[in-house]
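In what follows, a single structure is set out as structure tokens and then discussed.
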Amino acid sequence: MQVQDLIDSGRFKVISLGEDRERELTTPFCCDLLSVAMGHAPSGCAWVTVMGNINTLAVASLADAACIILAEGAALDEAAANKARMQEITVLGTEEPVFEAALWVWQQMKGQD
Amino acid sequence: MEGIVLNYTISPDDFTRAGEASSDVKRKLKQLGVSPEAVRKVAIAMYEGEINMVIHANGGEITVEITPERILMILADSGPGIPDVEKAMQAGYSTAPDEVRSLGFGAGMGLPNMKSYTDDLKIETKLGVGTTITMEVRLE
Ligand SMILES: Nc1ncnc2c1ncn2[C@@H]1O[C@H](COP(=O)(O)OP(=O)(O)OP(=O)(O)O)[C@@H](O)[C@H]1O
Ligand SMILES: [Mg+2]
């Protein structure tokens, strides 16, 4: 399952389109505390969070997440939206809670195995 | 020894720029062909140190030395210093103020991440004078 498959699913609002959309997802990962995510987000994860500030983008890029999914209708503030464009990170959005969004990604990943 | 030296000045309280030095180092290490695992370790450890300088120490200076053997990060600030280093190193310990906690900081995991993602971490600190953190990631 690739980042592009998440985009194509139509299930998410596309907030920012990143560069490496052919990247394989390793797992969904859920956490809102930045340094916990920094320490534990697996490389290539779809990071599901409600934090849409610029630091989320920095952590996603440095911890090497494949994309960000903003749950609960969370939005990017303007500085974060600029950063997403600059760092070329794919950011998707959903009204769903964190668990439901992550579970859906997980189920799709398993379905394609 | 021949090596590459990079220098960065970190501005205090500027969250819109925080992480830029770490991102730049990440990009340069990638270009140099450093292994993805080592790049990731450096990126994570340096970001935690960089953001700590922004939040806790009024900014500072970061020097990164790259040789084929190792990547050395030296983070020097003139902030308040760390009263109890052992306590600060504990997972979950944080003095982060509420306004940065609301951004997602303050889990008290930054220093533990810096330790676990590097091969060596040294903290020199003096109250009222500042803190210098030296971290090393060894390469093959
Ligand atoms: N450069 C520094 N100067 C002064 N104090 C520091 C510095 N770096 C860390 N500290 C102190 O050590 C504590 C622990 O740091 P650590 O990075 O582990 O957690 P945090 O920054 O509070 O939260 P997190 O990193 O999880 O967002 C800080 O809350 C602060 O009191
Ligand atoms: Mg910290």
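The values are calculated or read from the model by the stated rules, or taken from the named source; none is laboratory data. For clarity, every value in this text was computed on a predicted model and none was experimentally measured. Using ideal geometry, Cβ is built from the backbone for each residue, glycine included, and neighbour counts are taken over all protein chains shown.
Values as computed for the structure displayed
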| read-out | value |
| --- | --- |
| Unique residue being more than 14 Å from chain A (Cβ to nearest Cβ) and within 15 Å of ligand 2 (Cβ to nearest atom) when the list is B:Asp84, B:Asp77 | B:Asp77 |
| Spans of helices (runs of 4 or more DSSP H) in segment B:9-127 with at least 2 residues within 25 Å of A:Met86 (Cβ to Cβ), more than 16 Å from ligand 1 (Cβ to nearest atom) and in contact (Cβ under 8 Å) with a residue 60 or more places away in the chain | B:36-56 |
| Subset tally (residues that are within 15 Å of ligand 2 (Cβ to nearest atom) and over 17 Å from B:Ile4 (Cα atoms)) for segment B:15-42 | 3 |
| Subset of segment B:44-85 [over 16 Å from B:Gly128 (Cβ atoms) and of a type in the set (Gly, Ala, Ser)] | B:Ala45, B:Gly49, B:Gly59 |
| B:Ser116, sole failed condition from (1) surrounded by fewer than 20 Cβ atoms within 10 Å (Cβ to Cβ); (2) within 14 Å of another protein chain (Cβ to nearest Cβ); (3) over 16 Å from the mean Cα position of the chain (by Cα); (4) within 14 Å of ligand 2 (Cβ to nearest atom) | (3) |
| Residues within segment B:53-67 that are over 15 Å from the mean Cα position of the chain (by Cα) and either more than 14 Å from B:Val137 (Cβ to Cβ) or surrounded by 16 or more Cβ atoms within 10 Å (Cβ to Cβ) (or both), tallied | 1 |
| Qualifying residue in segment B:80-92 (condition: under 22 Å from A:Thr49 (Cβ atoms) and either modelled with pLDDT of 95 or more or surrounded by 18 or more Cβ atoms within 10 Å (Cβ to Cβ) (or both)) | yes |
| Filter result for B:Arg70 (modelled with pLDDT of 95 or more, under 14 Å from the mean Cα position of the chain (by Cα) and surrounded by fewer than 22 Cβ atoms within 10 Å (Cβ to Cβ)) | no |
